[in-house]
């Protein structure tokens with residue numbers, strides 16, 4: 001990591017695209033938006049487990065909770081890039097990457113904890129030229145393995161988002177496994193590949209941009225891999241309010257990567273699935289003590305509205 005005495009560097013706008021500078025092998029990209037709850041512990045774990053001379057870039061998406069100020073005060077080795085508005089996950093990471101000089105980029109959520117040195121993961125990607133991006137074994141807040149890889153969307157899989165996920169239990173004892181996509185909460189990618197693909201597609205504000213990136217990595221003739229031998233914690237969550245953004249993300253994926261008949265079928269499945277989901281949870285939510293089901297029903301209706309809005 002950089003010398004702790006280095007003052008935080010700040011910017012309010014996109015800078016010219018950085019090239020590998022020969023000094024940093026790894027640049028860790030963090031995007032913060034009101035992340036006070038987890039940010040400090042995430043940065044402490046980076047300080048402990050990132051390789052020496054790692055560059056750590058934090059893009060702050062117009063936070064209002066004091067998390068940026070706390071990071072500036074307590075972690076002076078950070079490179080801080082300010083955005084005056086919330087750019088979302090894709091826009092924030094693209095801004096961070098445009099300031100990065102490492103040969104490898106690690107997209108890392110601010111609600112994560114590194115549990116062990118990550119230099120071997122960088123070594124693995126460097127030594128496997130046929131692979132474009134990797135992730136490692138994700139644990140939830142209770143330290144239980146959680147799905148962080150999956151299969152590309154199809155009309156059938158969009159009927160149930162969970163069918164796209166690959167359970168960690170499906171993997172055995174090998175060092176690595178090829179997968180369709182890896183989650184963006186810990187996504188290690190070659191910087192030259194990132195630049196050749198123009199980073200994340202900012203048509204995805206949140207959710208789906210990692211699947212889209214991995215689709216483009218596959219289209220470039222490379223694979224994505226899951227390394228179960230290394231672990232990190234992602235506190236994450238599955239609040240019902242996230243469902244509309246997920247549905248819109250998959251609609252954007254279908255529009256970008258599927259031909260007309262299949263694309264239209266995917267959009268139909270998304271609408272139908274949201275409608276059935278709303279009806280199901282609305283019926284369950286009529287029982288006492290089922291507030292979570294009522295919230296899921298409302299989120300499903302909001303997803304339909306969001307899909308209609310993006311369709312124009």
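Taken together, the values in this text are just the output of simple stated rules run on the coordinates, not laboratory data. None of the values given here were measured: they were computed from a predicted structure. Every residue, glycine as well, gets a Cβ built from its backbone with ideal geometry; the counts of neighbours run over all protein chains shown.
At a glance:
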| read-out | value |
| --- | --- |
| Helix axis angle, 209-219 relative to the chain longest principal axis, alpha carbon, degrees | 80 degrees |
| Normalised alpha carbon radius of gyration of the chain [divisor 2.2 N^0.38 Å] | 1.00 |
| Over the chain, relative contact order from alpha-carbon pairs under 8 Å, at least 6 apart, % | 18 percent |
| Mean residue ellipticity (222 nm) of the chain, computed from DSSP H runs ≥ 4 via -39,500 (n - 2.57), nearest 500 | -12500 deg cm²/dmol |
| Ranking of 268, 205 by count of other Cβ atoms within 10 Å, fewest first | 268, 205 |
| Over region 166-228, relative contact order from alpha-carbon pairs under 8 Å, at least 6 apart, % | 51 percent |
| Selected from 119, 283, 62 as most flexible by GNM, with the chain as the system and alpha-carbon contacts under 10 Å | 283 |
| Cα long-axis angle, helix 88-98 against the chain (0 to 90 degrees, to the nearest 10) | 30 degrees |
| Most mobile listed residue (180, 140, 60) in the chain, GNM with C-alpha springs under 10 Å | 140 |
| Gaussian network model of the chain, Cα within-10 Å springs - most flexible of 225, 100, 299 | 299 |
| Cα centroid of region 169-238 to Cα centroid of region 120-139, whole Å | 10 Å |
| Degrees between helix 36-49 axis and first principal axis of the chain (Cα, 0 to 90, nearest 10) | 50 degrees |
| Spin-label model distance (nm) - residue 170 vs residue 283, 7 Å beyond Cα toward Cβ | 2.8 nm |
| Nitroxide proxy distance, nm - points 7 Å out along Cα→Cβ at residue 159 and residue 276 | 0.6 nm |
| At R0 = 22 Å, FRET efficiency that the Cβ-Cβ distance of residue 49 and residue 144 yields, to 0.05 | 0.60 |
| Net length gained if the chain between residue 82 and residue 291 were fully extended (0.36 nm per residue, minus Cα distance) | 71.5 nm |
| Contact order relative to length of region 240-311, as percent, for alpha carbon pairs under 8 angstrom and 6 or more apart | 45 percent |
| Fully extended contour minus Cα-Cα distance, from residue 41 to residue 129, at 0.36 nm per residue | 28.4 nm |
